[in-house]
């Protein structure tokens, strides 16, 4: 399969007005030389067709009165993949027949579509910068290329990490001035599983950033279907190998976490071995496998471990262990492993390792390579005890049963006034769950759980609704209500917030939960939210 | 429409009407409460007796606000007695205590209406 070739890249990166003068190049793997480019006239109907096409276009099946289309057909182009960024056609990825001589599969097309969607903005950035380069001095050009690489790279890093109940995640990424090819990713998978990826592309700058983008796209395309880390890396390697530029490859660690059980399956394509802080010290997550893009036909060993409560995984890039001190001594694996064993897990280990690195390299020294660290920590085991667990049909009035049952269960734990406050909050939260979460569908129950800890009692009220939008909610104001500026109702959330010591919301799968907490041992007259006007 | 879970019995006491509340005051009580209010007619003041109330939720608070709006329109005073400490706290929190005259007993509330000794709590 032909993908973005050197020829294509040259042609499209340098042409900011491709929509008017779009050109395409076809490259057959068996051809030693670049074929002649196919010029597309500005008024050729193929341009408008490609601009509005959704996904790869079957060239041979397309019927248009278009000289360019005829030329593409004559060049034996099978698929044309439009690269559209911000509504503008910025290029076309033309593919000849598959090497296997089979037709392009649905998966191929999905992957190409995905790749095009991700590559187009990157190419767009490249085009704009190349346009400026023509007028800039060599130094400026170099700096701008670096900026492009940074933009591409940062554009493809997760904007935020997912929130998993019972898990803490943290990530740190700092590119070197001459941007390397580090990347990390978090991919949601079916059955609430989550894939974690960390990788490093050899080389630096824009080429590394583009290969990074291609690798990320491949992994994202294969992960949800193949799930198993070994299979995902194997497939990604097959996909990347044919078009990997010379002397480039990608190291990559790929792990799949089952948050509910802590099961962590992983495979490794030659990336620095991650460490896990456990109760017994630092453990290495070793699995054999060649870097991606080096050689086709590779298989990847898959292994697994169960992350216990308190365990913390550190994924890292070679920018950490290969950082040099003034005497050119590396920070090294043993020191990082020791840090994992000694330091607390989670975000703390990142901060502490960075402090150690600074002390190692010395202040004011330019960072040699990208530094990336990702931590996945399972929260320490809970000491909570389940006191009560029941379900109620979402039927008006059932909040009364919820507050009565919860009240009876915790009656001996809280003083009377605080018990009344908790019961009121439970009633309101249950009403909200039945009405707004479950739309008063009787067959969709509200789940109520009461948990006790030495310091507090927690009531969790769960519905199957979507979590609230997070937008600002109107604070009820009696004067405004009396003046007709607010509706008479709308006191529920206000009451909940003011009745309990703490409330928080979280979502697990399709279950949206509001947790109400009351501290134990607090005096009866302790007043969470209200004011006494005596 | 939610089912009414409370009763509101109206008694005339001079120029005031006392409304004895029993049960759970929720949004479902709107119809019966407003019927009781209509029964109170042109009384100078409406005195709510919460002694027999077992539960009130945010919907019930919303009903009281509606009642207040209507009473204000007709220049009627709204008073209350028999609130438990918990609901008195909720009245403070929602600032209903500033719009409804809170009293310890029916006698104190009626005295307030008639302009005799005024005892305000809260």
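Rounding to the nearest 10 and keeping the result within 0 to 90°, find how far the Cα-based axis of helix A:333-342 lies from the longest principal axis of chain A.
10
Classify the range A:385-519 from the C-alpha gyration tensor, please: rounded if a/c falls under 1.5, else prolate or oblate depending on whether a/b exceeds b/c.
Because a/c hits 1.5 or more and a/b fails to exceed b/c, the range A:385-519 counts as oblate.
Give the relative contact order (percent, whole number) for chain A; include only Cα pairs under 8 Å separated by 6+ residues.
Result for chain A is 10 percent.
How long are the semi-axes of the equivalent ellipsoid of the range B:17-122, defined as square roots of 5 times the Cα gyration tensor eigenvalues? Whole Å, largest first. Can you show the working numbers first?
Values: eigenvalues 71, 57, 31 Å².
Here the semi-axes work out to 19, 17, 12 Å.
Roughly how far apart, in whole Å, are the Cα centres of the range A:384-410 and the range A:302-337?
48
Radius of gyration and Dmax for chain A's Cα atoms, expressed in Å?
Radius of gyration, then largest Cα-Cα span, for chain A: 29.0, 92 Å.
So for the protein assembly as shown: antiparallel DSSP bridges make up what percent, rounded to the nearest 5?
Details: 97 of 114 bridges.
Bridges in the protein assembly as shown that DSSP calls antiparallel: roughly 85 percent.
So how tilted is helix A:205-226 from the main axis of chain A? Cα-based, degrees 0 to 90, rounded to 10.
60
Report the label-to-label distance for residue A:441 and residue B:38 in nanometres (one decimal), using points 7 Å from each Cα along the Cα→Cβ vector.
3.8
In the P(r) worked out for the range A:259-323, what percent of Cα pairs fall beyond 16 Å? Mind dumping the intermediate values first?
Working: 1120 of 2080 pairs.
Value for the range A:259-323: 54 percent of Cα pairs lie more than 16 Å apart.
If you take each beta carbon of peptide A:410-419 and count the beta carbons of other chains within 10 angstrom, what is the mean?
Per residue, the average neighbour count from other chains is 1.
From the P(r) of the range A:62-212, could you give the percentage of C-alpha pairs in the tail past 29 Å?
36
How far is it, in nm, from the label point at residue A:288 to the one at residue B:111 when both lie 7 Å from their Cα along the line to the Cβ?
Modelled inter-label distance: 9.5 nm.
What's the FRET efficiency of residue A:348 with residue A:485 using the Cβ-Cβ distance as r and R₀ = 51 Å, to the nearest 0.05?
0.55
Of the listed peptides A:60-69, A:485-494, A:409-418, B:51-60, what is their order by residue-averaged count of other C-beta atoms within 10 Å, with the highest listed first?
So the order, starting with the most tightly packed, is B:51-60, A:485-494, A:409-418, A:60-69.
Looking at the square roots a ≥ b ≥ c of the eigenvalues of the Cα gyration tensor of the range A:158-378, which shape do they give, rounded for a/c under 1.5, prolate if a/b is larger than b/c, or oblate?
oblate
Per-residue Cβ counts within 10 Å, from other chains only, averaged over B:94-107: what number is that?
Numbers: counts 9, 7, 2, 2, 3, 4, 0, 0, 0, 0, 0, 0, 0, 0.
Going residue by residue through B:94-107 and averaging, the value is 2.
Roughly how tilted is helix A:416-432, in degrees to the nearest 10 and between 0 and 90, from the longest Cα axis of chain A?
40
Can you give the three extents of the C-alpha atoms in the range A:169-224 along their principal axes, from longest to shortest, in whole Å?
40, 24, 11
Which whole-number percent is the relative contact order of chain B (Cα, under 8 Å, 6+ apart)? Let's see the in-between values first.
Values: 222 pairs, mean separation 26.8, N = 122.
Normalised by residue count, the contact order of chain B is 22 percent.
Could you tell me the relative contact order of the range A:64-133? Use alpha-carbon pairs under 8 Å, at least six residues apart, and round to a whole percent.
Once normalised by length, the contact order is 30 percent.
Tell me, in nm to one decimal, what length is gained between residue A:523 and residue A:296 on full extension, where the rule is 0.36 nm per residue of separation less the Cα-Cα distance?
This chain segment gains 74.8 nm when fully extended.
Let's test the formula: R0 of 60 Å, r as the Cβ-Cβ distance of residue A:110 and residue B:74. What FRET efficiency results, to the nearest 0.05?
Working: r = 69 Å, r/R0 = 1.15.
It comes out at approximately 0.30.
Coordinate-derived values only; no laboratory data. Quantities reported herein were computed from a predicted structural model and do not represent experimental measurements. Cβ sites come from the backbone with ideal geometry, for glycine too, and all protein chains shown count toward neighbours.
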